[in-house]
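Chemist: Just dropping this structure here.
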Amino acid sequence: MGTPSPGRTEPAHVQWLAALAGVLAAATTLGIAQLVAAIVAPDSAPLVAVGGAFIDATPAWLKDFAVATFGTADKAVLLLGMGLVIGALAALAGVLARRRWAVGASLVVALGAVGALAATLRPGAGPTAALASIVGAGAGLLALRTLLARLPASPAPAPANPAPTTPRPASAAGGADRRAFLTAALVTAAVAAVAAVGGQLVSVSSRTVAAARAALRLPSPARAAAALPAGVETDVVGVTSFVTPNADFYRIDTALLVPQVDADTWSVRVHGLVEEEVTMTFAELLDAELIESWTTLTCVSNEVGGDLIGNAKWLGYPIRELLARARPTAGADMVLSKSVDGWTASTPLGALTDDRDAVLAIGMNDEPLPVAHGFPVRMVVPGLYGYVSATKWVVDLEVTRFADARAYWSDRGWSELGPIKTASRIEVPAAGSSVDAGTVAVGGTAWAQHRGVVAVEVQVDDGEWAAAELATEASVDTWRQWSYRWEATAGEHRLRVRATDADGVVQTVDVAAPAPDGATGWHSVDVTVR
Ligand SMILES: Nc1nc2c(c(=O)[nH]1)N[C@H]1C(S)=C(S)[C@@H](COP(=O)(O)O)O[C@H]1N2
Ligand SMILES: [Mo]
C-alpha cells in the first residue's frame, strides 16, 4: 500500500484523471452493454431501457412540455440528458473509487443494477434482459480498476481506518504513471468506442428489416384512391404541400429504438369480446382486398399553429372487415390496439366499424410503411388523434370496453377519447416577417378530419372577419388549404385565422393547452408591412 501522508495535498490534475477514469469506465460499461444487447436483445441496452422507463413514467404535462420545447427531437434531448447525468455520476465514481475502491465501485454496480432492472421490467423483456447491463458493468469495473492502478496513490482516507479492508489499486509515483495512465485511457476509450460501433454493426435486425422493406412490392389496391382534384393546393407560394413526403412526415412515439418487426412472422390477433378470434398474417394482408385513402394524421400534442400533422395516401385493409369476421359481442365499445413494444391505444369501436376508412395500413404514399412509421403494419383512423388510433407496429386488437381497459396515454393524464379538434394555421407570411404594402398573399391549412372544413376566415388586427378562399377539398378526412388576398397598409399588423367545420361549428377562441385532449385557440402571426 502507499505510504499514508495525511497532510499531503493532492495535485488537482490527479483528481481530474480519476474523474476521467470514471467517465471512461462508464463509456466502457455502455459500449460493452450495447454490444451484448445487440446480440441478445436490442432494447435491453441500459440507455435504451432506462430511457424507455423514463418515457413510460412521463405524465401528460411533461410530455406536453418536452414536445412543445423540443418537438420531434425530444428523444435526442432525453439521451443527451441521460448522458450528462451518467457522465457526472461516473466522474464522481472515479474520484471516490480512488480513495475507497468499494465506494466508487458500488456506484458503478448501482448504475449497472438500474440498467438491469429497467431492462427486466420493459414490456416484452426476455430472460436475457439483464445480461447486457451486468456484463457491461463488469467490464466497467475492470476498466476503472485498470485505470486507477495507473494513477499515483491517493492520500490515506481517514486515520481512524488505517488498514482499508478493500485493497486499493497499487501504484508507483511519478510521471511514468501519467504516461501509463494516458495509454490505458486511450485503450479503454478505443475499446468502448469499438464495442458501441460494433454493437450497431452486429445489430442485424435493423438491416434485415430495412432490406425486407426495400424488397417488398405493394399489391395494387382493390379500390384505388380518387385522383387528387386539381386545385387542392392554393397558388400561394410557401404553403405546406398537400401531400407530406414520407421523409418529412412528423414522427411521434415512445420508442427510443424503432421496433424492428419481421414481416414474415408478423400477425395481428383480434380477440376479446368477439364471437370468433381472428388472426391475420402479413401474407394474408397482401392478398386481401386493400383500399387506398387520403387521411391527415394529427398529434394531440400539436400546439396551435404547430406542425405535428401530415397528410398521406395510405394503402391498407379496412379494419371493419377484420372486425366483421371476428363479430364483436354486445356491450363491446372499444378496441385496445397494441404495438409490439407494448404501447396501446383505445379506439371507439364505432370509429372502426362505421364507413370511414380506418385501415391496417401497409403502404404510405405508394411505398411500404417506413420503419419509423410502423413497418410492416400500423393503424390509421380518420378523425382521431394519433394517440387513440394510429398504433404503429400493431400486433394485437383486443375488443373490449372503456369500462374495462385503459390505453397508454389514458393512464398518464390524457383523455380516453381523442376526436381531432377543428384547427387552422397561417403559413404565409411567416410570423415576424416583413412584407411590402399592397396586395399580400396570405395562405395556410385548416383541418377538421372526418367532418370537413367548410369555411376559413381571416382577421386583420381587430377588424371584421373576412372569408378566405378555400382550395378544393380532397376528402373530409384530409386537411384543406386556404388563401386570402390582403390589402396591406404600412405598419405592424396581426393576422388571425379560424375555420368552420361541416357541422357549422366555428373553431373556438378559447385557449387550451394540448393536454388532456388537444390544443385550441386561434392562430395569429405578427407581420411588419413596409
Ligand atoms: N407503437 C406506437 N404507436 C404510436 C405511438 C407510439 O408511441 N407507439 N404514438 C402515436 C401518436 S401519439 C401519434 S401522433 C402517431 C404519430 O404517427 P407518426 O409518427 O407516423 O407520424 O402515432 C401513434 N402511434
Ligand atoms: Mo400524438
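Chemist: Given a 1.4 angstrom probe, what's the average accessible area per residue across the chain, in square angstrom?
Modeler: 43 Å²
Chemist: If you don't mind, there's one more thing I want to ask. Mind listing the long-range amide H neighbours of His523? Cut-off is under 5 Å, sequence gap 5 or more, other chains count too, H placed in the peptide plane at 1.01 Å from N.
Modeler: Ser424, Val497
Chemist: Probe radius 1.4 Å, ligands and nucleic acids left out: which of Met82, Met379 has the largest accessible area, and how do the rest follow?
Modeler: My answer, sorted largest first, is Met82, Met379.
Chemist: I've got another one for you. Which value, in Å² and to the nearest 10, is the accessible area of Trp101 when all protein chains are kept and the probe is 1.4 Å?
Modeler: 30 Å²
Chemist: Excluding ligands and nucleic acids, what accessible area in Å² is computed for Phe249 using a 1.4 Å probe, to the nearest 10?
Modeler: Rounded to the nearest 10, that gives 10 Å².
Chemist: Report D for segment 349-433 in µm² per second (integer): Stokes-Einstein, Kirkwood Rh on Cα pairs, 10 °C, 1.306 mPa s.
Modeler: Estimated diffusion coefficient is 105 µm²/s.
Chemist: Further question on the same structure: Report, in order of residue number, the helices in the chain meeting two criteria: a C-alpha extent of 18 Å or more along the helix axis, and a mean Kyte-Doolittle hydropathy of at least 1.0; treat each whole DSSP H run as one helix.
Modeler: Passing helices, by number: 12-40, 74-99, 101-121, 131-148, 175-202.
Chemist: Can you give the Rg and Dmax of segment 423-529 based on its C-alpha atoms, in angstrom?
Modeler: For segment 423-529, the Cα radius of gyration and maximum Cα-Cα distance read 13.9, 42 Å.
Chemist: Which sequence of Glu464, Glu277, Glu398 reflects their accessible areas, 1.4 Å probe, from the largest down?
Modeler: The ordering from most to least exposed comes out as Glu464, Glu277, Glu398.
Chemist: Right, something else. Rg and Dmax of segment 30-160 over Cα atoms: what are they, in angstrom?
Modeler: 17.1, 55
Chemist: Would you list, by chain and number, the aspartates and glutamates whose Cα falls below 17 Å from the Cα of Lys313, excluding same-chain residues fewer than 8 positions away?
Modeler: Glu233, Asp248, Glu289, Glu292, Asp357, Asp366, Glu367, Glu473, Asp477
Chemist: With every protein chain left in place and a probe of 1.4 Å, what is the accessible surface of Asp264, to the nearest 10 Å²?
Modeler: It works out to around 140 Å².
Chemist: With the cut-off at 1.5 for a/c, could you classify segment 205-277 from its C-alpha gyration tensor as rounded, prolate or oblate?
Modeler: Prolate, because a/c is 1.5 or more and a/b exceeds b/c.
Chemist: Kindly provide the Kirkwood hydrodynamic radius of segment 60-108 in Å, to one decimal, from all pairs of distinct alpha carbon atoms.
Modeler: Its Kirkwood hydrodynamic radius stands at 12.5 Å.
Chemist: Continuing with this model, one more query. Over the chain, with a single point scatterer placed on each C-alpha, what log10 of the ratio I(q)/I(0) does the Debye formula yield at q = 0.08 1/Å?
Modeler: -0.65
Chemist: Taking Cα atoms of segment 246-412, Rg/Rh with Kirkwood Rh, to two decimals?
Modeler: Rg/Rh: 0.93.
Chemist: So what's the projected area for segment 262-318, the Cα convex hull averaged over all directions, in nm²?
Modeler: 6.3 nm²
Chemist: Here's something else I'd like to know. Looking at segment 197-271, which trypsin sites (Lys or Arg not before Pro) are in a loop (DSSP not H, G, I, E or B) and have at most 14 other Cβ atoms within 10 Å?
Modeler: Arg217
Chemist: Which order do Asp510, Asp477 take by accessible area at a 1.4 Å probe, largest first?
Modeler: Solvent-accessible surface, decreasing: Asp510, Asp477.
Chemist: If you take all C-alpha pairs in segment 399-468, what percent of them are over 19 Å apart?
Modeler: Considering segment 399-468, 57 percent of its Cα-Cα pairs are separated by more than 19 Å.
Chemist: In nm, to one decimal, how far is the modelled label at Thr528 from the one at Asp248, with both set 7 Å along Cα→Cβ?
Modeler: Between Thr528 and Asp248, the simple spin-label model gives 2.8 nm.
The values are calculated or read from the model by the stated rules, or taken from the named source; none is laboratory data. Keep in mind the model is a prediction, meaning the values are calculated, not measured. Please note: Cβ atoms are built from the backbone with ideal geometry, for glycine as well, and neighbour counts cover all protein chains shown. We work out accessible area using only protein heavy atoms, side chains counted, and drop any ligands, DNA or RNA first. Shrake-Rupley method; radii C 1.70, N 1.55, O 1.52, S 1.80 Å.
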